[in-house]
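Participant: Okay, here's the structure, questions in a sec.
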Amino acid sequence: TLPSLDAGSPVQNIAVFPDPPTVFVAVRNRILVVDPELRLRSVLVTGPTGSAPCEICRLCPAAVDAPGPEDVDNVLLLLDPVEPWLYSCGTARRGLCYLHQLDVRGSEVTIASTRCLYSAAANSPVNCPDCVASPLGSTATVVADRYTASFYLGSTVNSSVAARYSPRSVSVRRLKGTRDGFADPFHSLTVLPRYQDVSPIHYVHSFTDGDHVYLVTVQPEFPGSSTFHT
């Protein structure tokens, strides 16, 4: 008999804390904290935005809210390579991220506190370094770099998303020491506007090896092609 867990809705992301072994399972509007036997330890509510159960939603400025509550798909769920931190980035609020401070005591890991990685003064509709995740999908790897964390990101964009969210196809974003967002300027590349709808690039996975970060993609062989390659 194998241990099992009913997450209640489709699993969107998984992150595994190594010691003590703890599994973080992201589903829509929730992050589940699970032990190695798949016993549910706790639940962090991440949405809908503006709802009473979502206590962490209040940490982000109301100025970035949509007119009504938004469900939160947890597009990114990442562990910091050095600090006991968990990052989650959702589709709501233009793709903002949270930093969750983990508390490790004995054989149990809990989410002790949360910060919204957003600074109102540092972002605008045309330049938003804190707008990280794309509603069409993103993948990322966090790398420790000179006492801080750098996010190597790949995000699927089209003309509509590029106009509203301002994510980049590929970017490197450094977490600010104040832990209230990401430094600006940041390095990035974006698919040219005329190709964003006819030649979408889907970023499905990323990983590190040595001094390199790799992004795995699926995309048409040429604009408008029905044949894909990776």
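The values are calculated or read from the model by the stated rules, or taken from the named source; none is laboratory data. Because the structure is predicted, anything quoted here is derived from the model rather than measured. A quick note on method: Cβ atoms are made from the backbone with ideal geometry, for glycine too, and the neighbour counts reach across all protein chains shown. In case anyone asks, the SASA skips ligands and DNA or RNA and just uses the protein heavy atoms, side chains included. Shrake-Rupley method; radii C 1.70, N 1.55, O 1.52, S 1.80 Å.
Participant: Looking for something small (Gly, Ala, Ser), touching a His at 6+ places or on another chain (Cβ under 7 Å), assigned to a strand (DSSP E or B) and touching a residue at least 12 places away in the same chain (Cβ under 8 Å) - is there at least one such residue anywhere in the range 170-190?
Facilitator: Among the residues of the range 170-190, at least one is small (Gly, Ala, Ser), touching a His at 6+ places or on another chain (Cβ under 7 Å), assigned to a strand (DSSP E or B) and touching a residue at least 12 places away in the same chain (Cβ under 8 Å), which makes the answer yes.
Participant: While we're here: If you go through the range 123-133 one residue at a time, do you hit one that is without any contact (Cβ under 8 Å) to a residue 12 or more places away in the chain and either among the charged types (D, E, K, R) or crowded, with 21+ Cβ neighbours inside 10 Å (or both)?
Facilitator: no
Participant: Which members of the range 138-157 meet the condition of being in a strand (DSSP E or B), among the hydrophobic types (A, V, I, L, M, F, W, C) and modelled with pLDDT under 95?
Facilitator: Matches in the range 138-157: Ala144, Ala149.
Participant: If I filter the range 138-167 down to residues being over 26 Å from Pro200 (Cβ atoms) and open to solvent by 50 Å² or more (accessible area, probe 1.4 Å), which single residue comes out as nearest to the chain's Cα centre (by Cα)?
Facilitator: Selected residue: Ala144.
Participant: Name the residue that is nearest to Thr139 (Cα to Cα), counting only residues in the range 1-25 that are within 18 Å of the chain's Cα centre (by Cα) and open to solvent by 70 Å² or more (accessible area, probe 1.4 Å).
Facilitator: The qualifying residue nearest to Thr139 (Cα to Cα) is Ile14.
Participant: Further, regarding this structure: Pairs only if they're at least six apart or on different chains, beta carbon under 6 angstrom, first in the range 33-48 and under 16 Å from Leu102 (Cα atoms), second open to solvent by less than 40 Å² (accessible area, probe 1.4 Å) and among the charged types (D, E, K, R); list them, first residue then second.
Facilitator: Listed pairs, sorted by first residue: Arg41/Asp35.
Participant: Scan the range 102-121 residue by residue and report those that are surrounded by 15 or more Cβ atoms within 10 Å (Cβ to Cβ) and among the charged types (D, E, K, R).
Facilitator: Arg115 - this is the single residue of the range 102-121 that is surrounded by 15 or more Cβ atoms within 10 Å (Cβ to Cβ) and among the charged types (D, E, K, R).
Participant: Further question on the same structure: Taking the options Val216, Val170, name whichever one is within 15 Å of the chain's Cα centre (by Cα) and under 17 Å from Gly137 (Cβ atoms).
Facilitator: None of the others qualify; the one that does is Val170.
Participant: Here are Phe222, Phe182, Phe186: which of them is surrounded by 12 or more Cβ atoms within 10 Å (Cβ to Cβ), of a type in the set (Phe, Trp, Tyr) and out of contact with any Phe, Trp or Tyr (no Cβ under 8 Å at 6 or more places or on another chain)?
Facilitator: The unique qualifying residue is Phe186.
Participant: Regarding Arg28, is this residue modelled with pLDDT of 95 or more, touching a Ser or Thr at 6+ places or on another chain (Cβ under 6 Å) and open to solvent by 70 Å² or more (accessible area, probe 1.4 Å)?
Facilitator: Judged against the criteria, Arg28 is a match.
Participant: I would also like to ask the following. Report whether or not Thr114 is over 17 Å from Tyr203 (Cα atoms), of a type in the set (Ser, Thr, Tyr) and not in a helix (DSSP H, G or I).
Facilitator: Spelling it out, Thr114 is indeed over 17 Å from Tyr203 (Cα atoms), of a type in the set (Ser, Thr, Tyr) and not in a helix (DSSP H, G or I).
Participant: How many residues, within the range 78-101, are open to solvent by 10 Å² or more (accessible area, probe 1.4 Å) and part of a strand (DSSP E or B)?
Facilitator: Total meeting the criteria: 5.
Participant: Name the residue that is surrounded by the fewest Cβ atoms within 10 Å (Cβ to Cβ), counting only residues in the range 55-71 that are modelled with pLDDT of 90 or more and assigned to a loop (DSSP other than H, G, I, E, B).
Facilitator: The residue in question is Glu55.
Participant: Residues of the range 31-54 being in a loop (DSSP other than H, G, I, E, B) and either crowded, with 16+ Cβ neighbours inside 10 Å or among the aliphatic types (A, V, I, L, M) (or both), which ones?
Facilitator: Once the filter is applied, which keeps residues that are in a loop (DSSP other than H, G, I, E, B) and either crowded, with 16+ Cβ neighbours inside 10 Å or among the aliphatic types (A, V, I, L, M) (or both), the range 31-54 yields Asp35, Leu38, Thr46, Gly47, Pro48, Thr49, Gly50, Ala52, Cys54.
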